[in-house]
1. Within the range 27-40, count every residue that is surrounded by fewer than 23 Cβ atoms within 10 Å (Cβ to Cβ) and in contact (Cβ under 8 Å) with a residue 24 or more places away in the chain.
2. Inspect the range 91-113 for any residue being over 19 Å from Val431 (Cα atoms), surrounded by fewer than 16 Cβ atoms within 10 Å (Cβ to Cβ) and touching a residue at least 12 places away in the same chain (Cβ under 8 Å) and give the result as yes or no.
3. Taking the residues in the range 134-164 that are in contact with a helix residue (DSSP H, G or I) (Cβ under 6 Å, 6 or more places away or on another chain) and not in a helix (DSSP H, G or I) as candidates, determine which candidate is nearest to Gly218 (Cα to Cα).
4. For the range 85-105, which positions are aliphatic (A, V, I, L, M) and in a helix (DSSP H, G or I)?
5. Test Met131 against the stated conditions and say whether it is assigned to a helix (DSSP H, G or I), buried (at least 20 other Cβ atoms within 10 Å of the Cβ), on the phi < 0 side of the Ramachandran plot and at pLDDT 90 or above.
6. I need a count of the residues in the range 54-97 that are modelled with pLDDT of 80 or more and of a type in the set (Asp, Glu).
7. Between a first residue in the range 56-73 that is in contact (Cβ under 8 Å) with a residue 60 or more places away in the chain and a second residue that is among the polar types (S, T, N, Q) and assigned to a helix (DSSP H, G or I), which pairs have beta carbons less than 6 Å apart while being 6 or more apart in sequence or on different chains?
8. Which one of Gly218, Gly300, Gly296 is at pLDDT 85 or above, more than 20 Å from Ile53 (Cβ to Cβ), within 27 Å of the chain's Cα centre (by Cα) and not aliphatic (A, V, I, L, M)?
Amino acid sequence: MNIIGSKFKEVLTSVLPITMLVMLIHFTLVPIETPMILRFVLGALLVMIGLTIFLIGVDIGVTPLGDYTGTALAKSNKLWIVLIAGTILGFFISIAEPGLLVLASQVSIVTTGEISGTTLLIVVSLGLAVMLALGFLRIFYNIPLYKVLMALYVLIFSLALFTSKEFLAIAFDASGSTTGILAVPFILSLSVGISKMKKDSKASEKDSFGLVAIASTGAIISVMLLDIFQDTTTYNADLEMAITESSALLRPFLSLIPSVFLESLMAITPLVVILLVLQKAVFKLPKREVRKLVTGFIYGFIGLFIFLVGVNGGFMDVGATIGTRLALFDNKVYIIVIGFVFGIVTILAEPAVYVLTHQIEDVTSGYVKRIAVLVPLSIGVGFAVALSVIRILVPNIQLMHYLVPGYILSLGLMFIVPKLFVGIAFDAGGVATGPMTATFILAFIQGAANAFEGADLLVDGFGMIAMVAMAPIITLQLLGLAFQRKTKKKEEVKKHAAL
């Protein structure tokens, strides 16, 4: 019961603030039709129930599978086995990631099927899997994280020169979406096994961060390559399917059941197969432990199914509707301010951010307090969402006008910031883009892009997740710089006191 209560509390603090804010907007600025607001409330309830069950499944099944796999790989003491096994597991974990499933679905809906959601899922998962293997090599051979990230982002921005505007936004959004509530704990548990294989036996503190950051670049590179090597150059964008109203409360949810059931089954089944194969070949776990892991995957399937039905049945519709109607206001300040508030509320409520801020406090022995991280982080994400809205309202502003200077600053800071904070900052970019960012706020931005004259739904309707992922990279590196200067100042004071 304790695990159910704690997980539900995590999810409740994540979903409830957005729900309350929507109700406030409904009763003040943007009245929403009764059938739609009722579907939103039901959708929010399903999202909370689904995420709770899914996270329990992750704890019982997915994370232990990563731990067992990491330990087994370390015992094998063969790098090639580690790379192959890690790549295969990374691929299937990415495919089951809820945030990526939602993004792929939205891309398919917005492009009326011209960009297949299944294709995007496979391509992104392949990219993550390959870069996960590269991250393993970095840890094993003690290659500095900043050098690897610098090389990868030089490659990314070189490929960006040949990538269409439509795919640029989707590529960077895919990066944030694929490193979510399923992939991150699994990747981190695998990294423990790799660290055990290192010749120095004791993994450095810096190696506990950075693997997620490297893996997430694979999503960007793979989507860019997909665009470069395919023939289609123009796409028809339409959001009508995503914001269609219905007088029937349950009909939209019920109609989704067959497709979502199949989607959830296809996402979780490969992980069960991998468990059974590894159990027979390597693990040799007691039957009771295997049953426990399988039970975890069943929870994961049920939770993912309920979550996706809730998201697609009514939760995202209201986000798109609010964005659409606020974009039609004469005073555009409203939509910018509400976007800013949505960003703050989302990041403050994100369970992964809660874990990250505690981790930073622990790593710095309490010197960097949670609140010192949380405040600038939330403000940074708020500005990221607000800037995404401004990009819609000012057609001349392109996504790269934000990302290029943002990443130049991010990569430049790597050379002067303590290396521990480099890994923390880039990993935080992945964990900040959680379920609420990939669902409600994505729909909010797309609704605004769809309604505002002069905006391009496919170009401007994506890219917000990329902005939210970039904000913590800059914010936490600046925090690391401040931490470094305070530490030096403290040491100087001690020296003078000693004299």
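1. Narrowing the range 27-40 to residues surrounded by fewer than 23 Cβ atoms within 10 Å (Cβ to Cβ): 27-38.
Of the ones still in play, those that are also in contact (Cβ under 8 Å) with a residue 24 or more places away in the chain are 29-30, 32-33, 35-38.
Residues meeting the conditions: 8.
2. Within the range 91-113, one or more residues are over 19 Å from Val431 (Cα atoms), surrounded by fewer than 16 Cβ atoms within 10 Å (Cβ to Cβ) and touching a residue at least 12 places away in the same chain (Cβ under 8 Å).
3. Thr163
4. Of all residues in the range 85-105, those aliphatic (A, V, I, L, M) come to 85, 88-89, 93, 95-96, 100-104.
Hits for the range 85-105 are Ala85, Ile88, Leu89, Ile93, Ile95, Leu100, Leu101, Val102, Leu103, Ala104.
5. Details: assigned to a helix (DSSP H, G or I): yes; buried (at least 20 other Cβ atoms within 10 Å of the Cβ): yes; on the phi < 0 side of the Ramachandran plot: yes; at pLDDT 90 or above: yes.
Spelling it out, Met131 is indeed assigned to a helix (DSSP H, G or I), buried (at least 20 other Cβ atoms within 10 Å of the Cβ), on the phi < 0 side of the Ramachandran plot and at pLDDT 90 or above.
6. Qualifying residue count for the region: 2.
7. Sorted first by the residue in the range 56-73, then by its partner, the pairs are Thr63/Ser189; Gly66/Ser189; Asp67/Ser189; Gly70/Ser189.
8. Working: Gly300 fails: more than 20 Å from Ile53 (Cβ to Cβ); Gly296 fails: more than 20 Å from Ile53 (Cβ to Cβ).
Unique residue meeting the criteria: Gly218.
The values are calculated or read from the model by the stated rules, or taken from the named source; none is laboratory data. Bear in mind that the values here come from a model prediction, so they are computed numbers and not experimental data. Methodologically, a virtual Cβ is constructed for each residue, glycine included, from the backbone with ideal geometry; neighbour enumeration extends over all protein chains shown.
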